[in-house]
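Taken together, the values in this text are just the output of simple stated rules run on the coordinates, not laboratory data. Keep in mind the model is a prediction, meaning the values are calculated, not measured. Cβ coordinates were reconstructed from backbone atoms using ideal geometry, including for glycine residues, and neighbour counts include every protein chain displayed.
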Amino acid sequence: MNKNESLRTILRANAAFAAATGAFALAATGTIAEVIGVSEHRLISAIGAALLVFAAQLMFVSGLNGKLLRRSARLISASDFAWVAGTVAIITITDLRTQGELILAGIAAIVGTFGVLQLRSAAGVVDDGGRVTPNLALLGVVGTTSQASQQERSIVQEALASHLGVRVRGRGRV
């Protein structure tokens, strides 16, 4: 499996998760609202619909090639990290039920994992066999391998700095 195929597989898995979550949110709006502890059912429906649109976007991006695929995957990862940050904010500033907080945290963990995996693959730290290479920095997000060009590492480093407030020093190393 080459780098692009690994990235496509990750994006398609993310799409499947987003579609399943979105469909469930639309089908069980009232139950989800009750379990989580929110009174606004329309919010759950809107999130469900947005997740279905996001899943379609992920499938579209998974069909792209080369640099456009990798650049688009980085933007998708930024969206995933924004979801995680939003979830943390919601859990922190609202009064949800405990099981609701746990469910939201679990979903955020899965979404964050997709974001990291997409960045790893887009940065070229996945070898031709589909394995993550050992030369990783910052949890494997920025690679020092020959597969990742300096320009690709710079793009990922800038994304990390602007979206996560993470500073990366040197040539792809923390």
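A full extension of the chain between V53 and A105 corresponds to an added length of 16.5 nm, given 0.36 nm per residue minus the alpha carbon distance. Taken over the Cα atoms of the stretch 8-95, the convex hull encloses 81 Å³ per residue.
Relative to the Cα centre, the charge distribution of the stretch 28-133, modelled as +1 at Lys and Arg Cβ and -1 at Asp and Glu Cβ, gives a dipole magnitude of about 460 debye. Net length available on complete extension from T98 to A82 is 3.5 nm, with 0.36 nm assigned per residue and the Cα-Cα distance removed.
Would you give the gap between the C-alpha center of the stretch 5-38 and the C-alpha center of the stretch 48-82, rounded to a whole Å? Cα centroid of the stretch 5-38 versus Cα centroid of the stretch 48-82: 15 Å apart.
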